[in-house]
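Heads up: the structure comes next, in structure tokens.
The values are calculated or read from the model by the stated rules, or taken from the named source; none is laboratory data. Not measured: the values here are computed from a predicted model. We place every Cβ from the backbone using ideal geometry, glycine too, and count neighbours over all the protein chains shown. Just the protein is used for accessible areas: all its heavy atoms, side chains included, with ligands, DNA and RNA removed. Shrake-Rupley method; radii C 1.70, N 1.55, O 1.52, S 1.80 Å.
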Amino acid sequence: MTWDKRLFDLFFVTLLIVVLGPILLVLLLWLLLKEGRPVFYVSQRMKGVDQPFMLWKLRTMTVTESDSGVSGGDKAARITKTGAWLRGKRLDEFPQLWNILKGDLSFVGPRPPLRQYVEAHPEIYEQVLKSRPGVTGLASISYHKHETALLERCQTAAETHDVYSRICVPAKARLDLIYQRHQNMCYDFDLVFQTIGNLFRR
């Protein structure tokens, strides 16, 4: 990560923590009262082919002992009403401000993948993860709706894994590498404002 991108992240994450901190506290209390504990969902993700970190989100699904892979139609029944609302507004990703502050994430970059997909596609992620993963990015903005539609049709964990691995991983990688080739601060600002615009439209 370049020094100017890191300064960009630190400036805005500090600003957002001050501005959004009270909202996050209200969301945590609301989630605790509505769904109980735990209020956070912590999942191992990768910021390099051999660099894991723990990604923080607000919990949006019922707790189960075994949970792996991306979310598809096979997990739809586990999404709580509160969680569906949080996901729709992307408020479940507020805790990732902590990941940005630590340097695990940037504001803009490829979404951090699960280890199993990095291990299944090392040749793809060796290139994609040359960029620091981000909360939003070109693939998140351009491909999210299509990916959601594809995965919602999947009825089993095996089908979800197959569709994500075979279709979504290479499609998002192509967009992530386009971003990587053209990355600059103006492009990052543009993608951040596109993301904010999408949130307000929701």
Within the range 119-184, helices (runs of 4 or more DSSP H) holding 1 or more residues that are more than 22 Å from Ser68 (Cα to Cα), open to solvent by less than 50 Å² (accessible area, probe 1.4 Å) and of a type outside the set (Val, Ile, Thr): 138-152, 169-182
Test set (1) touching a residue at least 40 places away in the same chain (Cβ under 8 Å); (2) more than 16 Å from Lys172 (Cα to Cα); (3) not acidic (Asp, Glu) - Arg132 fails condition number: (2)
